1. At 20 °C and a viscosity of 1.002 mPa s, what translational diffusion coefficient does Stokes-Einstein give for the chain, taking Rh as the Kirkwood radius over Cα pairs? Give it in µm²/s as a whole number.
2. Under a straight-distance cross-link criterion of Cα-Cα below 26 Å, which lysines are reachable from LYS3, leaving out those fewer than 8 residues away in the same chain?
3. Hey, can you rank 29-36, 63-70 by average C-beta count inside 10 Å, highest first?
4. Hey, what angle do you get for helix 23-44 against the long axis of the chain, alpha-carbon based, 0 to 90 degrees rounded to 10?
5. What residues have an amide H closer than 5 Å to that of VAL10, excluding those fewer than 5 places away on the same chain, when H is modeled at 1.01 Å from N in the peptide plane?
6. Using the alpha-carbon atoms, what tilt in degrees (0 to 90, nearest 10) does helix 48-87 show relative to the longest principal axis of the chain?
7. Give me, ordered by chain and number, the residues 5 or more places off GLN4 or on other chains with an amide H under 5 Å from its own placed amide H.
8. With N set to the number of residues, divide the alpha-carbon radius of gyration of the stretch 1-41 by 2.2 N^0.38 Å and report two decimals.
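The values are calculated or read from the model by the stated rules, or taken from the named source; none is laboratory data. All of these numbers come straight from a predicted model, not from anything done at the bench. Ideal geometry is used to build each Cβ from the backbone, glycine not excepted, and the neighbour counts take in all protein chains shown. Accessible surface is based on the protein model in full, side chains and every heavy atom, while ligands, DNA and RNA are left aside. Shrake-Rupley method; radii C 1.70, N 1.55, O 1.52, S 1.80 Å.
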Amino acid sequence: MEKQKINVRVAGKNYTLVSSDPPEYVRRVAALVDRRLSEMELVSGLSAQQAATLTCFNLADELMKARDENTELKRRMQQMAADSRKKE
């Protein structure tokens, strides 16, 4: 898919992103980031920069846990497939 420019608004600022992903997907990602930043600022009372940094850590933590879970599920599926072949 061809790269295109997509305008989004995060933390009250406009950004033009370039992506080969569908615009709807990029806007969903931007909306998630915006929501998480807003929540962090409200809950923590931190400065915008501190809230942004903490939000990055939280999103990276979620990403790494999801990747680890995905890897484990793939390993289990491969093991189940191997066990199934052994029984045949």
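1. Numbers: Rh = 15.9 Å.
For the chosen part, D equals 135 µm²/s.
2. Correct list for LYS3: LYS13.
3. Working: 29-36: 15.4, 63-70: 10.0.
Averaged packing, sorted descending, gives the order 29-36, 63-70.
4. That works out to roughly 70 degrees.
5. TYR15
6. Roughly 10 degrees, rounded to the nearest 10.
7. SER19, SER20
8. Working: Rg = 10.8 Å, N = 41, 2.2 N^0.38 = 9.0 Å.
Here the answer is 1.20, to two decimals.
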